[in-house]
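K.L.:
Here it is, the structure, as structure tokens.
Every number in this text was worked out from the coordinates using simple rules, so none of it is lab data. Note that the structure is a prediction, hence the values are computed from the model and not measured. When we count neighbours, we look across all protein chains shown, and the Cβ atoms used for this are built from the backbone with ideal geometry, even at glycine.
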């Protein structure tokens, strides 16, 4: 039915629609999914379990202008996959809590689920439960994602040691530049910078490289870059009791990012250091493993990870340029 | 600081405040809680895992008038404990996603956590992670709760068979009557009906009786009464392919409920059948187990569970009175 709303459809039918479109996993670990008081899962027998939860709120994290329903479904799962990846784990089972206004069109849910499914299929993730509630105004999406990892392969934020190299799995700043394109009134036409917009709308899940770095014990500390590398590297340093130096010339800035920055007279470094939402993995490793890391990440990602700095004794995050070293404040996105 | 808000405090300090007040579990299964990309848990080795998620939204599920911050914290966890209890499981690990407006006072969070903690301590539940985001208007609380259960003791909705008795672990309708007292302009003074208001604000977790009914294999199908017994019994019947008869004279209605109904000229049956939020357990059992169920529930709950009907061949939920039998429509609370 055209323009049918959630209110027209009713709660039971909405849940059936979601159930029909819910991704299943070939792993067979879901003994009971949607349709009872709780989901029943068979845990991995030689693994620890990883759990993460993330909420996206309309008007705060997204608007109809910045994310299509499909992109929202994709991103709601990928931001959680990113957290599991940053522990070196394998994502398994998702739970979806939706808050929707009653006038939301049913097609919104179908499209959302299509995006959610596409992300789930990247890692054979099952949707095993959730809830749906009416809201007064904003749409709200909360995903809880469970994953697994052999206990000895979990990579914490606290494993960085002075002398480690600092690596990043892909471009920095693209997502923030993409958001700028979508939101700023005087920004150039976003269609000229498709890769930047895509970086914001459809971040790629990094679970495969995260798992590979854990399995091979190359990553000693790891985090996903959600608040900007400056802030996220500061998290690693705080947990590890170290400092870090970022070599500015090494930061992977895309050609499109540099081009846009020049066109709108902005410093691409601001986007790269503080922009957030890149969902690349930031990790530290022994310099002895450099060659193996380059070839491993090249084989998994298509392009090798990039060495952007080093862990040092002491405190703080330092920016190293040809002019010397200066301390930077974290300045990542904070909610309050 | 008096009247300090979340905006004054800042995101990192809010998280530290929650971490400081987060319940820990004596079980030692949380290898890493708050403070990394994901929590790391040691799963129970001979159990399946149970997972449930529930969201409470200001203006929909609660207002400042209906729930104090402490009551909100308590209830946000207990509604999830109720789902784990309804599977026969043991709740273990909670994850908390908070959406709060920046002008929320810090004392709100402290009070919320005090209520959350009090509920957690009832079952030795750890808070192992979550997230906090700013919202534009409403407060939002999403709790994901993980539990465990030996595989052969899980109680599904689908286990009801014709001939089973239908049981309930406590009073029906009190929570709905309590909400009426809190919301209705022409309701009598709530302080005269404290037990009804408490039933809405501070439902008791039923995990102990749920586990006992599973361990002893007495409950064959089970659900928690969140939408009213009529609707929730209909869920059991739909999943089990049966019908059910409710004996009206057997329904446990409290003296306060009857008194209030008389005072405001309402039918207490409406609250009991369709009111919702009682969070008692509804289960079916073989008539052969009646005496053992009475003594088991009396020993766990203080008062015995009450037999309120029976499972029959066919479809539908029937209400049996001295005047005969009539079909009822479910009529429970639905969101859309």
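K.L.:
Could you check the simple spin-label distance between residue A:249 and residue B:13, using points 7 Å along Cα→Cβ, in nm with one decimal?
P.N.:
Rounded to a tenth, the inter-label distance reads 4.1 nm.
K.L.:
Which whole-number percent gives the relative contact order of segment B:1-86, counting Cα pairs below 8 Å spaced six or more residues apart? Display every interim value, and only then the final one.
P.N.:
Working: 31 pairs, mean separation 15.8, N = 86.
The normalised contact order for segment B:1-86 reaches 18 percent.
K.L.:
Please give the FRET efficiency for residue B:20 paired with residue B:208, using the beta carbon to beta carbon distance and R0 = 30 Å, rounded to the nearest 0.05.
P.N.:
Working: r = 29 Å, r/R0 = 0.96.
Step by step, r from the Cβ atoms, then E = 0.55.
K.L.:
How many partner chain Cβ atoms sit within 10 Å of a residue's Cβ in peptide B:147-160, on average, as a whole number? Don't jump to the answer; show the numbers that get you there.
P.N.:
On the way: counts 1, 1, 2, 0, 3, 0, 0, 5, 2, 6, 4, 3, 0, 0.
Per-residue shielding by partner chains comes out at 2.
K.L.:
Tell me, what is the FRET efficiency for residue A:286 and residue A:327 to the nearest 0.05, using R0 = 22 angstrom and their Cβ-Cβ distance as r?
P.N.:
Numbers: r = 26 Å, r/R0 = 1.16.
Calculated transfer efficiency: 0.30.
K.L.:
While we're here: Determine the relative contact order of chain A: mean sequence separation of Cα pairs under 8 Å and six or more apart, normalised by residue count, in whole percent. Can you show the working numbers first?
P.N.:
Working: 769 pairs, mean separation 71.9, N = 336.
Relative contact order for chain A comes out at 21 percent.
K.L.:
Further question on the same structure: Grab the beta carbon distance between residue A:295 and residue B:63, set R0 = 56 Å, and tell me the FRET efficiency rounded to 0.05.
P.N.:
Values: r = 59 Å, r/R0 = 1.05.
My answer for the efficiency is 0.45.
K.L.:
Taking every residue in B:127-133, how many Cβ atoms of other protein chains lie within 10 Å of its Cβ, on average? Intermediate results must be reported in sequence, preceding the final value.
P.N.:
Details: counts 0, 1, 6, 6, 7, 3, 10.
Shielding by partners across B:127-133 averages 5.
K.L.:
Within segment A:1-23, which residues have the backbone N less than 18 Å from the label spot 7 Å out from residue B:238 along Cα→beta-carbon, could you tell me?
P.N.:
A:6-22
K.L.:
Quick one: angle between helix B:11-21 and the longest Cα principal axis of chain B, in degrees between 0 and 90, rounded to 10, please.
P.N.:
Relative to chain B, helix B:11-21 is tipped by roughly 60 degrees.
K.L.:
Helix-only estimate, please: 222 nm mean residue ellipticity of chain A, summing -39500 (n - 2.57) across DSSP H runs of length 4 or more and dividing by its residues, to the nearest 500.
P.N.:
On the way: 11 runs with 117 residues, N = 336.
After summing the helix terms and dividing by residue count, I get -10500 deg cm²/dmol.
K.L.:
Report, for residue B:64, each distance to the same residue's label point in the other copies, shortest first and in nm; define the point 7 Å along Cα→Cβ.
P.N.:
Nearest to farthest, the other copies are at 3.1 nm.
K.L.:
So, one more: I need the peptides B:273-280, B:150-157, A:206-213 ranked by packing, meaning the mean over residues of other C-beta atoms within 10 angstrom, with the highest value on top. Spell out each step's value before the answer.
P.N.:
Values: B:273-280: 25.2, B:150-157: 18.4, A:206-213: 23.5.
Answer by packing, highest mean first, reads B:273-280, A:206-213, B:150-157.
K.L.:
On C-alpha positions alone, give me the angle between the axis of helix A:290-301 and the longest principal axis of chain A, in degrees, nearest 10.
P.N.:
The answer is roughly 30 degrees.
K.L.:
Hey, got the Cα dimensions of the protein assembly as shown along the principal axes, in Å, largest first?
P.N.:
Principal extents (largest minus smallest coordinate, Cα): 91, 54, 50 Å.
K.L.:
With label points built 7 Å along Cα→Cβ from the Cα atoms of residue A:264 and residue A:45, find their separation and express it in nm.
P.N.:
Roughly 5.4 nm, to one decimal.
K.L.:
Counting C-alpha atoms alone, how compact is segment A:164-204: give Rg to one decimal and Dmax as a whole number, in angstrom.
P.N.:
When restricted to Cα atoms, segment A:164-204 yields Rg and Dmax of 12.1, 43 Å.
K.L.:
Ranked highest first by average number of other Cβ atoms within 10 Å, how do A:219-231, A:118-130, B:2-14 line up?
P.N.:
Working: A:219-231: 25.8, A:118-130: 22.8, B:2-14: 15.1.
Highest to lowest by the protection proxy: A:219-231, A:118-130, B:2-14.
K.L.:
To continue, here is another question. Over the Cα atoms, compute the radius of gyration (one decimal) and Dmax (the largest Cα-Cα distance, rounded to a whole number) for segment A:209-266, in Å.
P.N.:
Rg and Dmax of segment A:209-266, Cα atoms, are 14.9, 43 Å.
K.L.:
Please give the helix B:255-264 orientation as an angle from the longest Cα principal axis of chain B, in degrees from 0 to 90, rounded to the nearest 10.
P.N.:
Between helix and principal axis, roughly 90 degrees.
K.L.:
Taking the label point 7 Å from Cα in the Cβ direction, how far apart in nm is residue A:259 from each other copy of itself, listed shortest first?
P.N.:
7.8
K.L.:
Starting from a label point 7 Å past Cα on the Cβ side, list the distances from residue A:13 to the same position in the other copies, nm, shortest first.
P.N.:
List, nearest first: 5.1 nm.
K.L.:
Turning to a different aspect of this structure: Size of chain B along its principal axes in angstrom, Cα-based, largest extent first?
P.N.:
Answer, in whole Å and largest first: 64, 54, 36 Å.
K.L.:
Still on this structure: Give the distance, in whole Å, between the Cα centre of segment B:101-178 and the Cα centre of segment A:77-151.
P.N.:
20
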